[in-house]
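Have a look at the structure below before the remarks.
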Amino acid sequence: MTPAEWFRAAAARSQPCVPVEVMRANAAHTRTLGLPSVEYAGHVAVVGGGPSLADHLDELRAWDGPIWAINATWKWLKDRGIKATFFTIDPKPQAGLKLERGDSALVASVCCAEMFASLRGGNVRTFDLAFDVADGVQSGVTSATATPHLAVKMGHSSVTFFGCDGSFEGHDAYVYPTDLPADLVVVEAGGRGYATKPEFIMQTEDLAAFCRDLPTVCRNRSGGLLAALIDNPEWSLAGIKEHA
């Protein structure tokens, strides 16, 4: 039994010291007292560039909290009138990236000097990763995997993943133009095959586990492999798909 399974089982066995109806009546009374509620930093939308993102633009335009856009997704959203914070932990330069006055960024301290030079015009905040600093942000192999821990450390109540599909549809790698890898890994989950790449498999396993084990903290509005692995954690390698 995993720790998450143990805690879920313990919660299922536990019983409140008074009936649930009494607790609800207490809560109703408390709301009449006019006392201030605890303030949270808000719900964060974490936005990747997966094919499903195009179906959620209106939802993001109406989003009532911060939006963290990963790498090139930031400019794609900006071009469509959606204000977001640029987010990355990637240590390599990114072509064509430039922040202007009024733009914001959250960038890991491991990012390169060229990256920070391209962000000079905006409001940039940095954070450390756990592999480098003992109390730093825990992350996996991609930027998306760092967002839940950072959001919690900043006081946010939850993160919702958009466009973090972890797989490709047809000839589309992302909503913005980019080249697909020459060889795609095809994995099967929930009775369907998904074309992807190794680092996306690792990312998607992490994000799916967050959503399953911490459903009030990590929520999903992505499609593709992520949606499949949340419902069907087991997957198998179905083959290699060559892409011309």
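Before moving on, here are some points about what is shown:
- Folded to 0 to 90 degrees: helix 3-13 orientation relative to the chain principal axis, Cα: 30 degrees
- Net charge of Cβ neighbours under 13 Å - reference residue 219; Lys, Arg +1; Asp, Glu -1: 0
- Each Lys and Arg contributes +1 and each Asp and Glu -1, all at the Cβ; summed about the Cα centre of the chain, the dipole is approximately 760 debye.
- Only protein atoms count toward the accessible area here, which uses a 1.4 Å probe; on region 36-154, the carbon and sulfur part of that area reaches 51 percent.
- Reachable lysines, given that their alpha-carbon falls under 29 Å from the alpha-carbon of residue 153 and they are not under 8 places away in the same chain: 75, 78, 83, 92, 98
- Split the accessible area of region 158-227 by element, probe 1.4 Å, and carbon with sulfur accounts for 49%.
- Solvent-accessible area per residue in region 95-196 equals 47 Å², computed with a 1.4 angstrom probe and all protein chains kept.
- Helix 20-31 vs. the chain, principal-axis angle (Cα, 0 to 90°, nearest 10): 80 degrees
- Helix-only CD estimate at 222 nm, as mean residue ellipticity for the chain, using -39500 (n - 2.57) per DSSP H run (n ≥ 4): -8000 deg cm²/dmol
- On Cα atoms only, tilt of 198-213 relative to the major axis of the chain in degrees: 10 degrees
- Reported label for calculated Rg/Rh (Cα atoms, Kirkwood Rh) given [x] 1.07; [y] 1.02; [z] 1.39: [y]
- Ranking 218, 200, 229 by how far each Cα lies toward the positive end of the dipole of region 197-244 (charges on Cβ) leaves 218 at the top.
- Take every DSSP beta bridge whose two residues both sit in the chain; close to 35 percent of them are antiparallel.
The values are calculated or read from the model by the stated rules, or taken from the named source; none is laboratory data. Remember, it's a predicted structure, so these values are computed and weren't measured experimentally. Please note: Cβ atoms are built from the backbone with ideal geometry, for glycine as well, and neighbour counts cover all protein chains shown. These area figures cover heavy atoms from the full protein model, side chains too; ligands, DNA and RNA do not enter into them. Shrake-Rupley method; radii C 1.70, N 1.55, O 1.52, S 1.80 Å.
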